[in-house]
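Presented below is the structure to which this report refers.
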Amino acid sequence: MGENKSHNQVFDVSLNALPQGGSKCFDDDGHLKRTGTVWTASAHIITAVIGSGVLSLAWATAQLGWIAGPTVMLLFSFVTYYTSALLASCYRSVDPDTGKGKRNYTYMDAVRANLGGFQVKICGAIQYLNLFGVAIGYTIASSISMMAIKKSNCFHSKGDNSPCRISSNPYMIAFGVIQIVFSQIPDFDQIWWLSIVAAVMSFTYSTIGLGLGIAKVAETGNIRGSLTGISIGYVTQMEKIWRSFQALGAIAFAYSYSLILIEIQNTIKSPPSEYKTMKKATLLSVVVTTIFYMSCGCFGYAAFGDLSPGNLLTGFGFYNPYWLLDIANAAIVIHLVGAYQVYCQPLFAFVEKTALEWFPESKFITKEIQVPIPGYKPLKLNLFRLMWRTIFVIITTIISMLMPFFNDVVGILGAFGFWPLTVYFPVEMYIVQKKIPKWSARWLSLQILSVACLIISIAAAAGSFAGVVSDLKVYKPFKNMS
């Protein structure tokens, strides 16, 4: 369920009341000339997509087996590419007054321009709920990686078979405290280096995971796993069905980036048209990520077979070299600290904007307090921002402590966001924009694609909820030792 998912603000370079029409310095909408190319757009997509979702792919492949696992990954990559191309064509809406294409700067703008009304509210609700869920998923994932560093060092000093039991709660609280501090930075979207750091970190840990999988296969000399996936006996028939459904959610989460596609497209220069450039960038990045995903998923499965861990770097299939595992897990934590903010900033901005619209006179919401920082420009503190963002981080941390199940949360997020955001809205907007007649062959094939993806989403959600239910049977809140 890749990372860095919402660069809404990073990419929105709004400048008001500039001369209309294209010129040397300005684009046709009065914004400063955009400079993005196929390469920058591909880099943004790859940064957004390759994240901690990669680490659950070996587990997902193990549930499905050597035939279904790679097939499902290829299928998701095709659906992602196709629906992304549909979505990219909705970046410009024909303006009825001028006949020229009006730009949509965000996903919700595109939904508003093409579908309007009630659907915009539904799209917003799903988008922001998804971002809230991602904040919880990241808190869990970062605590698992922090615990893995502690455990790996414990195993190194006391031997691989020592119990080394650690509670995840202190690590979740530590992550929460860091996020409370970072959340107070009002213009976090200006920190462009965040995307670069996140990209480097995600490639670091993904490559280490891939390398260790290849090394393990080379060391043992045999390829584990079976054609049909995890064997009955290791799990019951019913568990196998639920786990297979859950694996679909995990793979969907690893591919989803449609949330930020329009924002990325808004950085691309034209001519050629943004749509053509975006289509090329989408193809390039989906091919790169699919090759990477297939390698990580398949080598992980080949190394561990039925025992493939839910999180490749923290499931302790690997113990050595312990320093390399520590580097990989530290990279995950650094990536997630930044990714949490990149995701939550649009949600913060939305709530603060809404509060300002409702209570424009309130000093509590509008007053900025200047806090001098020696050597830097003063930090602007706002009481409403301080309180609401702190409460938000505390809530996500408490929920994470109540149900710290990484795989289930990833599956639920993947299932919840995949159909509406990656398939339904792009398909419906495309039908409206291209005026495709009802019951025509094109209309029917698009609807069949949409319904098929809805069924996959429902199955994945059911599998993930079943996983949470079975985990809760043996779990005591706030006593999560592992």
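The values are calculated or read from the model by the stated rules, or taken from the named source; none is laboratory data. Quick caveat: nothing in here was measured; it's all calculated off a predicted structure. Don't worry about glycine lacking a Cβ; one is built from the backbone with ideal geometry, like all the others, and counts go over all protein chains shown. Remember, those area values only see protein heavy atoms, side chains included, never the ligands or the DNA or RNA. Shrake-Rupley method; radii C 1.70, N 1.55, O 1.52, S 1.80 Å.
State which residue is farthest from residue 261 (Cα to Cα) when the search covers only segment 48-76 and only residues that are open to solvent by less than 10 Å² (accessible area, probe 1.4 Å) and among the polar types (S, T, N, Q).
63
If residue 189 meets every condition in (1) open to solvent by 20 Å² or more (accessible area, probe 1.4 Å); (2) modelled with pLDDT under 85; (3) out of contact with any His (no Cβ under 9 Å at 6 or more places or on another chain) apart from one, which number is that one?
Of (1) open to solvent by 20 Å² or more (accessible area, probe 1.4 Å); (2) modelled with pLDDT under 85; (3) out of contact with any His (no Cβ under 9 Å at 6 or more places or on another chain), only one is false for residue 189: (3).
If you take the residues of segment 237-248 that are hydrophobic (A, V, I, L, M, F, W, C) and touching a Leu at 6+ places or on another chain (Cβ under 9 Å), which of them is least open to solvent (accessible area, probe 1.4 Å)?
As a first pass, look at segment 237-248 and keep what is hydrophobic (A, V, I, L, M, F, W, C): 238, 241-242, 245, 247-248.
This time we only want the ones that are touching a Leu at 6+ places or on another chain (Cβ under 9 Å), so: 247-248.
Details: 247: 0, 248: 29 Å².
My answer is 247.
For segment 18-40, enumerate the residues that are exposed (fewer than 12 other Cβ atoms within 10 Å of the Cβ) and modelled with pLDDT under 75.
19, 21, 24
Taking the conditions exactly as written (more than 21 Å from residue 199 (Cα to Cα), over 29 Å from the mean Cα position of the chain (by Cα) and assigned to a helix (DSSP H, G or I)), does residue 348 satisfy them or not? Full working, then the answer.
On the way: more than 21 Å from residue 199 (Cα to Cα): yes; over 29 Å from the mean Cα position of the chain (by Cα): no; assigned to a helix (DSSP H, G or I): yes.
Taking the combined requirement at face value, the residue does not satisfy it.
Please determine, by comparing only the residues of segment 424-443 that are open to solvent by 10 Å² or more (accessible area, probe 1.4 Å) and aliphatic (A, V, I, L, M), which one is farthest from residue 133 (Cα to Cα). I'd like the intermediate steps shown before the answer.
Our first condition is that a residue be open to solvent by 10 Å² or more (accessible area, probe 1.4 Å); within segment 424-443, this holds for 424, 428, 430-443.
Applying the additional criterion that residues be aliphatic (A, V, I, L, M) yields 431-432, 436, 441.
Details: 431: 30, 432: 30, 436: 35, 441: 37 Å.
My answer is 441.
What single numbered condition from (1) under 24 Å from residue 474 (Cα atoms); (2) open to solvent by less than 20 Å² (accessible area, probe 1.4 Å) fails to hold for residue 421?
Of (1) under 24 Å from residue 474 (Cα atoms); (2) open to solvent by less than 20 Å² (accessible area, probe 1.4 Å), only one is false for residue 421: (1).
When you go through (1) in a loop (DSSP other than H, G, I, E, B); (2) surrounded by fewer than 17 Cβ atoms within 10 Å (Cβ to Cβ) one by one for residue 314, which number turns out not to apply?
Status for residue 314: all satisfied but (2).
Testing residue 43 on (1) in a helix (DSSP H, G or I); (2) in contact with a Gly (Cβ under 9 Å, 6 or more places away or on another chain); (3) open to solvent by 10 Å² or more (accessible area, probe 1.4 Å), one condition comes back false. Which one is that?
Every condition holds for residue 43 apart from (2).
Does residue 82 meet the test of being open to solvent by 30 Å² or more (accessible area, probe 1.4 Å), over 30 Å from residue 333 (Cα atoms) and assigned to a loop (DSSP other than H, G, I, E, B)? Give the steps one after another, and end with the answer.
Values: open to solvent by 30 Å² or more (accessible area, probe 1.4 Å): yes; over 30 Å from residue 333 (Cα atoms): yes; assigned to a loop (DSSP other than H, G, I, E, B): no.
So residue 82 does not fit the description; no.
For segment 222-236, does any single residue satisfy the condition of being without any contact (Cβ under 8 Å) to a residue 40 or more places away in the chain, assigned to a helix (DSSP H, G or I) and open to solvent by 10 Å² or more (accessible area, probe 1.4 Å)?
First pass over segment 222-236, keeping only residues without any contact (Cβ under 8 Å) to a residue 40 or more places away in the chain: 222, 232-233, 235-236.
Add one more test, that the residue is assigned to a helix (DSSP H, G or I), and what stays is none.
Scanning segment 222-236 turns up no residue that is without any contact (Cβ under 8 Å) to a residue 40 or more places away in the chain, assigned to a helix (DSSP H, G or I) and open to solvent by 10 Å² or more (accessible area, probe 1.4 Å).
In segment 161-173, what residues are open to solvent by less than 80 Å² (accessible area, probe 1.4 Å) and more than 23 Å from residue 142 (Cα to Cα)?
Step one: list which residues in segment 161-173 are open to solvent by less than 80 Å² (accessible area, probe 1.4 Å), which gives 162, 164, 166-172.
Within segment 161-173, 162 is the sole residue that qualifies.
For segment 464-473, state whether one or more residues are under 27 Å from residue 128 (Cβ atoms), of a type in the set (S, T, N, Q), surrounded by 13 or more Cβ atoms within 10 Å (Cβ to Cβ) and at pLDDT 85 or above.
Taking segment 464-473 and keeping what is under 27 Å from residue 128 (Cβ atoms), we get 464-469, 471-472.
Now narrow it down to the ones that are of a type in the set (S, T, N, Q): 464.
Those still in the list that are surrounded by 13 or more Cβ atoms within 10 Å (Cβ to Cβ) too: 464.
Then drop every residue that is not at pLDDT 85 or above, which leaves none.
Among the residues of segment 464-473, not one is under 27 Å from residue 128 (Cβ atoms), of a type in the set (S, T, N, Q), surrounded by 13 or more Cβ atoms within 10 Å (Cβ to Cβ) and at pLDDT 85 or above, which makes the answer no.
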